[in-house]
Each structure stands twice: as C-alpha cells, then as structure tokens.
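Quick notes on the structure that follows.
Just so it is clear, none of the values below were taken in a lab; they were calculated from the coordinates. Since the model is a prediction, treat every value here as computed from it, not as a measurement. No Cβ is skipped: glycine too gets one built from the backbone with ideal geometry, and neighbour counts run over all protein chains shown.
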Amino acid sequence: MLNSDWPREKWVVLDTNFLIDYYSKQESYAELLEQLRKNENTISSTELVRTEFIRSRTKDVVRSKSAFFNKIVESLLPLDKEIHKLVQPTIETYGQDIEGVSLTDIYLACVIQRYRQVYLLTRDHHDFPTRLFDRTHVFLIELNKEIKTYALYQYRKPEEKKIDAEIEEIPF
C-alpha cells in the first residue's frame with residue numbers, strides 16, 4: 001500500500017472523514033496507519049477534528065469514539081494565534097472554492113500552511129484544491145462494495161510571497 005517514496009519522519013494529520021471510515025471498518029484501515037508509522041510518521045490531528053469525530057447521539061458512542069481517537073492519534077497539533085491569523089487570508093485565497101468547505105477543513109488548511117512538515121490525510125478532495133495544495137500521494141482503500149480514495153496533501157507555498165506564520169518546528 002505504501003512505498004519508500006512516501007513521507008518519512010513527518011506529521012500526518014487525520015481528517016474527520018478518515019477517522020469515521022476507520023472507526024466503522026477498522027480491519028480495512030489498520031494497514032495504512034501501520035505503514036505510516038513504519039515510516040516513522042507521527043499520527044496527529046486537531047481538537048476540532050476530535051470534536052467533530054466524537055459528536056454522537058449517545059454517551060456510549062461518544063466514549064467509544066473518544067477512546068478510539070486517543071488510541072489512534074499520538075498528538076494534537078495546537079491551534080495557536082499564528083494559525084488563527086491565517087484564517088482570513090486562507091478564506092480570501094480560496095475564493096470561489098470556499099463554497100461547502102467546513103470550518104474544520106478551513107482550520108486544517110491553515111495547519112498545513114503553518115507547519116511545513118505536516119501532511120493532511122483526507123478524502124475530501126474538493127475541500128483542498130490543487131491550485132493551493134499539492135496532492136502528494138493518492139491511494140485506495142478497497143471495501144466490500146466500494147473503493148475510497150484518500151490523499152496526502154501539503155500546502156503549495158506561493159512563489160511570490162512567504163507566509164509569515166510559517167515555522168519549521170511544531171511548538172511543543
């Protein structure tokens with residue numbers, strides 16, 4: 001499923017859709033995370049994704065999803081003031097492509113702009129347009145009656161200007 005040209009020693013941020021899919025079909029997704037970990041990547045996410053993922057109708061499901069999240073995700077990336085500063089410029093840069101993009105996905109776009117060593121793992125391809133983001137790796141998860149397409153995305157740094165909030169290290 002993964003090969004040697006995939007990222008090594010990076011941070012892979014999980015989007016909500018991946019967590020929902022993994023939670024419902026764990027046997028189909030376990031190999032992917034195992035391979036990412038074998039490449040010494042840190043599996044991470046954000047508090048917004050965690051909240052979106054665990055939101056459920058019953059206390060038992062909330063607790064089950066929370067335990068699952070804590071088992072899978074090694075670290076939560078902070079949504080610091082520098083990320084908040086990127087929200088408005090990101091929305092402006094998206095332009096027409098912002099239609100239908102959730103608040104969580106806007107913040108994920110800001111996270112992968114801020115931290116250059118971070119990749120986003122998602123199947124929401126329409127929420128991360130390739131004019132702004134590089135789709136670095138595409139792969140399939142084959143299920144009994146369908147095939148789901150996921151990708152790793154990184155922010156495509158504009159040639160003409162540098163984002164001031166960009167940093168090389170995660171601040172913790």
(request) Among the residues of segment 1-54, write down those that are over 15 Å from Leu121 (Cα atoms), out of contact with any helix residue (DSSP H, G or I) (no Cβ under 6 Å at 6 or more places or on another chain) and assigned to a helix (DSSP H, G or I). (result) Ser24, Gln26, Glu27, Ser28, Lys38, Glu47, Thr51
(message) I'd like to know if segment 65-85 contains one or more residues that are touching a residue at least 12 places away in the same chain (Cβ under 8 Å), under 17 Å from the mean Cα position of the chain (by Cα), surrounded by fewer than 18 Cβ atoms within 10 Å (Cβ to Cβ) and within 24 Å of Leu140 (Cα to Cα).
(response) yes
(request) Confirm whether Arg63 is farther than 22 Å from Ile112 by Cα and either among the aromatic types (Phe, Trp, Tyr) or part of a loop (DSSP other than H, G, I, E, B) (or both). (result) no
(request) For segment 103-156, enumerate the residues that are among the β-branched types (Val, Ile, Thr) and either crowded, with 16+ Cβ neighbours inside 10 Å or under 19 Å from Ser44 (Cβ atoms) (or both). (result) Thr104, Ile106, Val111, Ile112, Val118, Thr122, Thr136, Ile141
(message) Tally up the residues in segment 16-46 that are closer than 11 Å to Val73 by Cα and touching a Leu at 6+ places or on another chain (Cβ under 6 Å), please.
(response) 3
(request) For segment 40-54, state whether one or more residues are among the hydroxyl-bearing types (Ser, Thr, Tyr) and over 13 Å from the mean Cα position of the chain (by Cα). (result) yes
